[in-house]
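Read the figures in this text as sums done on the coordinates, not as results from a lab. Please read these numbers as outputs of a predicted model, since none were measured by experiment. Using ideal geometry, Cβ is built from the backbone for each residue, glycine included, and neighbour counts are taken over all protein chains shown.
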Amino acid sequence: MAATETRLLLLGTVMLFEPVNGYQLRRELLSWEVDDWAHVNPGSIYSGLATLAKQGNLDRHDLVDGNREVAVYTSTPAGRREFARLWQEAVETPDLLSPLPFHTAMALMPLISRTAVREALRTRLANLDARTREQLAREIPPEAVPPHVRTLADLWMGMGQTEREWLVNLIAQVDRGEFGLSGEPADWTAPADDPGWQMANDRQRYVELIARQH
């Protein structure tokens, strides 16, 4: 996974669960199977958090929780701005051959306001249409490329059309008020055995411990 997508993913998951420690974040991300679809090396999660903290995008709080020391992370204003920038860029820039930034952003869509989601998706749709028009305008004569390459071009055009139909439907869902986006009530509740419930309990304790440091 490229560094940009890793930053987007780590900043977003910290914002979802903060305050959160590195082990919790690693466990949560592995439950999302990010090592498969996002190609994130589980060991790189800790180093990524440390880098983001060093850059001022996260705050690291070294706490004593019971009889153990734990490093807990929260987002900073700069980190939240960086997340919003990365998210918007990933959504608005279509790249059919490298869809990972967009997939990562979509996994974190609940962190974005409905207005911003709607605008970014509409921009992506317009950019996708513009790219399709450009490709059609410079259509290469059949005799200019080998037949097997033309079949690849057909595949790419088909992928673009499929994504366009999906985007139109998604924008309509957003317009109808579907999905629990930022500032709105959640539209999904985790099952009773989900580890996230323990994270919620830990979060409240971490909030109290952080408050005592100040």
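Here are the numbers:
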quantity: Any chance Leu29 is free of Cβ contacts under 8 Å to residues at least 40 places away in the same chain, under 24 Å from Arg205 (Cβ atoms), surrounded by fewer than 19 Cβ atoms within 10 Å (Cβ to Cβ) and within 14 Å of the chain's Cα centre (by Cα); calculated: yes
quantity: Helices (runs of 4 or more DSSP H) wholly inside segment 75-182 that include at least 1 residues being among the aromatic types (Phe, Trp, Tyr) and in contact with a Pro (Cβ under 8 Å, 6 or more places away or on another chain); calculated: 100-107
quantity: Complete set of residues in segment 192-214 that are surrounded by 14 or more Cβ atoms within 10 Å (Cβ to Cβ) and over 25 Å from the mean Cα position of the chain (by Cα); calculated: Arg205, Leu209, Ile210
quantity: Looking only at segment 159-214, and only at residues there that are without any contact (Cβ under 8 Å) to a residue 24 or more places away in the chain and among the hydrophobic types (A, V, I, L, M, F, W, C), the one that is nearest to Thr132 (Cα to Cα); calculated: Trp166
quantity: Sole residue being among the acidic types (Asp, Glu) and closer than 27 Å to Leu10 by Cα, chosen from Glu134, Glu119; calculated: Glu119
quantity: Residue match in segment 62-73 (condition: on the phi < 0 side of the Ramachandran plot, in contact with a helix residue (DSSP H, G or I) (Cβ under 6 Å, 6 or more places away or on another chain), touching a residue at least 40 places away in the same chain (Cβ under 8 Å) and part of a helix (DSSP H, G or I)); calculated: no
quantity: Number of the exception - Pro101 against (1) crowded, with 17+ Cβ neighbours inside 10 Å; (2) farther than 14 Å from Leu170 by Cα; (3) more than 9 Å from the chain's Cα centre (by Cα); calculated: (3)
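Each row is one residue, and each column tells you yes or no for (1) under 14 Å from the mean Cα position of the chain (by Cα); (2) of a type in the set (Asp, Glu); (3) surrounded by fewer than 15 Cβ atoms within 10 Å (Cβ to Cβ).
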| site | (1), (2), (3) |
| --- | --- |
| Ala3 | yes, no, yes |
| Glu33 | yes, yes, yes |
| Asn41 | no, no, yes |
| Gly48 | no, no, no |
| Thr51 | no, no, no |
| Asp59 | no, yes, no |
| Ala78 | no, no, yes |
| Val91 | yes, no, no |
| Leu97 | no, no, yes |
